[in-house]
1. With every protein chain kept in the model, how would you rank LYS88, LYS295 by accessible area, 1.4 Å probe, largest at the top?
2. I'd like the GluC sites (Glu not before Pro) in region 741-795 restricted to DSSP loop residues with at most 15 other Cβ atoms within 10 Å, sorted by number.
3. At a probe size of 1.4 Å, how large is the accessible area of ASP272, to the nearest 10 Å²?
4. Find which of ALA1116, GLY1162, TYR1082 sits farthest along the positive direction of the dipole of region 1058-1173, computed with +1 on the beta-carbon of Lys and Arg, -1 on that of Asp and Glu, about the Cα centre.
5. For region 1132-1208 and region 517-535, compute the distance between their C-alpha centroids and round to whole Å.
6. Using label points projected 7 Å from each Cα along Cα→Cβ, tell me how many nm separate LYS1085 and ALA942, to one decimal.
7. Distance in nm between label sites at GLU455 and GLN1232, each 7 Å beyond Cα in the beta-carbon direction?
8. Listed here are the pairs LYS1034/LYS1194; LYS578/LYS717; LYS235/LYS291; which of them are more than 20 Å apart at the Cα?
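The values are calculated or read from the model by the stated rules, or taken from the named source; none is laboratory data. These numbers come from a predicted model, not from an experiment. Using ideal geometry, Cβ is built from the backbone for each residue, glycine included, and neighbour counts are taken over all protein chains shown. SASA here: full protein model, heavy atoms, side chains in, ligands and nucleic acids out. Shrake-Rupley method; radii C 1.70, N 1.55, O 1.52, S 1.80 Å.
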Amino acid sequence: MGQPSVPPPLTPPAPPLMGGGGGGGCQVRCAGCRMILTVGAGLTEFVCPTCQLPQMLPPELVSRTHLPPVPAHGIDPTKIQLPCAHCKAILNVPHGLSRFACPQCGIDLAVDVSKLKQFFPPRPPPEEVNEVAIEVEREEDEGGMVGETFTDYRPPKLSIGPPHPDHVVETSSLSAVQPPEPTYDLKIKDDLESSNALSCLQIETLVYACQRHLHHLQSGARAGFFIGDGAGVGKGRTIAGLIWENWHHGMRKALWISVGSDLKFDARRDLDDVGATSVEVHALNKLPYSKLDSKSVGVREGVVFLTYSSLIASSEKGRSRLQQLVQWCGSGYDGLVIFDECHKAKNLVPEAGGQPTRTGEAVLELQARLPDARVIYCSATGASEPRNMGYMIRLGLWGAGTCFSNFREFLGALDKGGVGALELVAMDMKARGMYVCRTLSYKGAEFETVEAPLEGQMTEMYKRAAEFWAELRVELLSASAFLTDEKPNSSQVWRVYWASHQRFFRHMCMSAKVPAAVRLSKQALMENKCVVIGLQSTGEARTEEAVTKYGLELDDFISGPRELLLKFVEENYPLPEKPESLPGEESVKELQRKRHSATPGVSLKGRVRKVAKWKPASDGESDEDFEPDSEHESTESDDEFQICEICNTEEERKKLLQCSCCAQLVHPSCLVPPMIELVSEEWSCHLCKEKTDEYLQARHAYVAELLKRYEAAMERKSKILEIIRSLDLPNNPLDDIIDQLGGPDNVAEMTGRRGMLVRASTGKGVTYQARNTKEVTMEMVNMNEKQLFMDGKKFVAIISEAGSAGVSLQADRRAVNQRRRVHLTLELPWSADRAIQQFGRTHRSNQASAPEYRLLFTNLGGERRFASIVAKRLETLGALTQGDRRAGPSLSAYNYDSAYGKRALMAMYRGIMEQDSLPVVPPGCSSEKPETIQEFIMKAKAALVSVGIVRDSVLGNGKDSGKLSGRIVDSDMHDVGRFLNRLLGLPPDIQNRLFELFVSILDLLVQNARTEGHFDSGIVDMKANVIELQGTPKTVHIDPMSGASTVMFTFTMDRGITWESATTLLDEKQKDGLGSASDGFYESKREWLGRRHFLLAFEGSASGMFKMVRPAVGEALREMPLAELKSKYRRVSSLEKARSGWENEYEVSSKQCMHGPNCKLGNFCTVGRRLQEVNVLGGLILPIWGTIEKALSKQARQSHKRLRVVRIETTTDNQRIVGLLVPNAAVESVLQDLAWVQDLDP
């Protein structure tokens, strides 16, 4: 065996032979020649002297040879320490060794097991699981009672200007943070104080924005400011104030980018209000693409007002508006760039697979090309999701000098931190002086979700429509089966099918709410209120198509759903290609020529060779015969003489007949029958004629078959169109509502559509007419309608998103119409930022009364889809816009599109496909009757097949007869959006049952997550009877730019409830007559550590649900069902027994947790402990985010690993702190890591 050039890969060496020799070394077998070698002590690598193979000791021997020798003295903790009976030396005795000799004096010793107990501490009894402790831990994890959400807002550090005309509030989490000291001195301060044009709130924004603009980020760009005030607080006037202030500093140019060109008039009004009448406003859409400051255009200074759509516009010659603006601003531009309603730039960082929007990219490019510009981001819905902050690069939350190197990292951290993390970002921005977020108080504004159940006729209509769509799907599938070559196109058809399906049923849902909307509107008008109805789609496209098709005068309003269906079937029904008509006389000849053009029997010059008539020549033949022919024959003889194909004699060319198809030449006399005279036109030989006739016959039959198929498909298509026309479908909701509320004379319409259908004065038929009149241009029609509404000429307004951006419809004290607004949402928008914008139309500053909101839903499970999208946005939006997700309307009951929603959907699909059992009993079924569950699964599976979620479905036979099988593709398994969309297309009964099943699984998962402590519940209020700040807070980090700091607060809390308080609580309940028979004191049925746990239970908000008050931790947020209460606890009849148990538990819990004295976490455990210490990191959190995350990840208990945002208020001086809860066990680790951060970044 040759010597390897490199050590071989590590193969397990032979079992080493231990033995003496080598002075304490060891013996091993060589991996190469298998000789036994002795390796010296301390050596790990060696070369075999026989085969020269380099090798090393196996790991188990390496560790053995390197073990430090056991010290002769000291205690070995792995053994029992016993004294020698003779010399009294303390010996380390291994467990289980009963006889041995003392190594010191050599005397034989025996271990007396009976006396051994005194030498080691008693072993704890086997640990019992304390169920009550688990319960209390779960309750503590959910936090205390939810406190008030908003606090009244007054500028904390400025006192310039009059108070705001309306009640303005800030979320309590944001109010726990102080902004930096104001150091900027306003130039227009005196003007503002004398004119009272801006309130103290708006002046505060001016000061902080200008102060922030004096700083630069580490990247070198000027720092930006974010105005996140809610709709109606007066952002427009604040921006005008900023422009005016900068004007006084010599910055005579400003860019104001907003959503609609109509808002230019509002911009002009706002500038006039603050006294900036000399500042001109130039609408960019009215200006050419040439240089703005050229002589012809003449825009040298002032405000250029443009929309986001014009920011991405370019002329036919390729000149872009962006380039034009950058050129106008010039290099070193340090004026204002205002991104008003900046949520329009969202989706710069789209979800996986999407493309960034061009608007988002343009906003980013404008900022990059004007690095010194003073940027203002301005939006009531700032960042409905953290990913929509991607364009806010001037805030300095990520990038150079932060702990997130780019936006993706920042986003990742926020996603992990959940809702609470978003709230921290808002607080951080406020503390650093780059963010204000106040909102008009919703005091007086009433929210109500109104369920509008489907009326009988509508239910029937909906059911028929759902069945029709299912049939149409089957019809399309079978029609596509004929089109084998059309495969690439079929996916396009299905895309359009599902998009139309969704739009159709959305329209149906909207129409279902029309009766309720009309009823509520008429009721409001009778109560002397006025009505604003919000919707998203006007159905204009359908109306215009129908008017083009049927003319301007119609019998009745257009049915949007019907027109949508007709359009879909007309344009997308798969038809086979219509066959071409049969060839005429001319084309027959052409056909013959084509058929023979490729016949290899014809030479290049048209001569027919005898040797190879009708057959292709072989290679050999062509070499010998063909080439000499073409080489030696002259062209003349070819032209003059040719050979007859039949008699083979040579003849003059002009005396022979030539076949026009195969080009062979024959004597007319050689033919059978012979031809007497020469034919002048083209002639074809008998064989060619025969072949052509055969072909034409086959072609005839083929074309006839194709025509039959085409006509059958056309007939089926027209039948389907007939069925659609005969379906009873609702009218366009917008026209319907206007008609039912008195027509366009009584209803102000602010939408994007150009024309509408109006009922004729006779009451019969409808006419299409333009929305504007001769006096009003189309551009001004919405402004005119708004004025009519505000002047009290019309008392109903209908707004769509397209027509109402930035419009104020509140009960303005300056307007004639000051009636209370009732705002109905007929259709909730696709995204929450749009919902908030729409709610903000009627709830604004300077209003005489706050609006009433009515959110309309139908009782269709699937329609909640639209609410669920809004709810998802609102929940996180509440977090950043309003800093605290409990602010604003709560639709979270409908938030299905979450991580838990995805898991619930997966569990439901697996249950329905019988891959797993369903985690809950389906609605309308009973666990005692498994056949009901089976029947439901069958129906559910069939329903999912009909809406295309279950694919490749096969109906079983034999023992599986009647059973449906199929598959759900992986991407659909957790696509909640798709499930809720498709659900719309099912008949109401099965639709609602499927939806209920989904929601009950979701509730179960959320409940389990709460139990296990994984649920993200946003900001948690920490409540106790006594909360005191202990010692002085420690500053652990300081932000270099703003000077804001991160502070560690330590609080002591007493959460207990004395016996006296508990009995008073019970007496009050019983005195009010609100008590239940089950109210009273309870004790746990089981004992733990020799004690039972006590609690006071009384009926809560819902019947059968009980509030729990415990001696050690007070009132729990969670309510317990009566059944659970009775299974774990029993009622204590003797008050004396209850009293002693309560007081005992109250006393014991002051020093120890519920796990008893031997708890694994020791003093760090706070479960059920009455007196506890709480550590909260307040102030700036973002800069040290990574450090905290790292420290928490090392914690032992699962609930301690999660970042939890808490709100805590001292009971002595009402000091409120919002920050990150640091578990006691993690405090040291966090402080150590922060000290390191400080050294690195002083």
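1. LYS295, LYS88
2. Passing sites in region 741-795 are GLU775.
3. 70
4. Result: GLY1162, furthest along the dipole toward the positive end.
5. Spelled out, the Cα-based centre of one part sits 52 Å from the other.
6. 4.4
7. The answer from the label model is 7.2 nm.
8. Flagged as over cut-off: LYS1034/LYS1194; LYS235/LYS291.
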